[in-house]
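The values are calculated or read from the model by the stated rules, or taken from the named source; none is laboratory data. In this text the structure is predicted, and so the values were computed from the model without any measurement. Cβ sites come from the backbone with ideal geometry, for glycine too, and all protein chains shown count toward neighbours.
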Amino acid sequence: MRSERRQARLRRFAALVRKESFQAVRDPSTILIAFVLPVILLFLFGYGVSLDTTSTRVGLAIEESTPITRDLAASFQASRYFSVRTGNDRREFADDLVSGRLRGILVIPANFTKDHGAGNHPQIQVIVDGSDPNTANFVQNYAQGAVSNWERQRQAEMSRPGPAISVSARFWFNPELASRNFLVPGSIAIVMTLVGTLLTSLVVAREWERGTMEAMMATPVTAAELLAGKILPYFILGLTAMTLCVLLAVFLFGVPFRGSVSALYALSATFLVPALGQGLLISAATKNQFLASQLALITAFLPAFLLSGFLFEINSMPTVIQWITFIVPARYLIPSLQTVFLAGDIWPMFLRSMAVMLLMGSILFVLAARSTRKRIG
């Protein structure tokens, strides 16, 4: 008798999975969110978004042309961080700075050569557009670095010193300092959030709207079987979308992959647990597609995008916001994905993140099961 009941549960569960799989394949919006939207987002983050500051457009005003000022100007022009336009007066560049065609103005004053020869610590003026603080800081810091390098070279040429201490910088994991190498892995977490939470909340809410959920509840199917049957197809769909994104990241965008496939799938599968649980909870609580989509975007997509460390450093956020980030599942997935791609397998870090994500998922599934009552009305 017990074996017959077990077989009956397995048949019901298989029927639910098969029904949900057919529904997902036949639904154009599911294919759009699972496969088309991830590719679009990946192309946007891979090609359209860049945090690399190179060839920043600046104006260089040389108020007095001397061998020293021309040599300093050549140092700025040779820098890969600047795209330099030269002139004789800072006022030539004022309109371009206001309109945004230039990001800064570097002024080599008329008394630069005289002060340099007298050892009076000559200065250059850096005028930047403060409406973009990040770029303004970059222009200021890069200008100071270019002047410091030029000054060291001048001293070395004039005094002919012996061997000096030199600093050799090495950048681990991302030697080119290419922002694409950590933006693209991070964007995979954003894609999985959309597939896991948004898609699940829409599909289940649609069944509530159409009344098919009540029809299934009138059958011998239990609430646990119903939730599991709905979760499994979208769990596989989420892993498939992740696989597509990883293939694009490695073979199209050239992001290095130094970890193992097992670690990648373990992290992704663990992240889908809270993502799918959140989608089920939203759909069970709202029973409306429009409201479910809005809640999924507000409670899942926006926190994953803004509060996970994907674009903005968490340590620079206000303390209250930093505490809020601890309940954002993407906060634990994005650093782990970046580590898998750029550094390799660091299992102590992965296991801690996976444990937190599983705990979040368990809580969300319990809440979703309690919200999905096995009754009509």
Report task. Please work out if Ala189 is assigned by TED's automatic domain parsing to the domain that holds Arg70, crowded, with 21+ Cβ neighbours inside 10 Å and at pLDDT 80 or above. Result -> no
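Matching residues to (1) at pLDDT 85 or above; (2) over 17 Å from Arg57 (Cα atoms):
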{"residue": "Phe76", "(1), (2)": "no, no"}
{"residue": "Ser79", "(1), (2)": "no, no"}
{"residue": "Phe82", "(1), (2)": "no, no"}
{"residue": "Gly87", "(1), (2)": "yes, no"}
{"residue": "Phe93", "(1), (2)": "yes, no"}
{"residue": "Val98", "(1), (2)": "no, no"}
{"residue": "Leu102", "(1), (2)": "yes, no"}
{"residue": "Leu106", "(1), (2)": "yes, no"}
{"residue": "Phe112", "(1), (2)": "no, yes"}
Requested in this report: For the range 126-138, state whether one or more residues are in the same structural domain as Leu72 (by TED's automatic domain parsing), under 20 Å from Ser75 (Cβ atoms) and assigned to a helix (DSSP H, G or I).
Outcome: yes
Query raised in the report: If only one of Arg18, Arg6, Arg2 is surrounded by fewer than 13 Cβ atoms within 10 Å (Cβ to Cβ), modelled with pLDDT of 75 or more and either of a type in the set (Asp, Glu) or over 30 Å from Val128 (Cβ atoms) (or both), which one is it?
Result: Arg18
Query raised in the report: So which residues in the range 309-347 are among the aromatic types (Phe, Trp, Tyr), assigned to a helix (DSSP H, G or I) and under 14 Å from the mean Cα position of the chain (by Cα), if there are any at all?
Result: Tyr332, Phe341
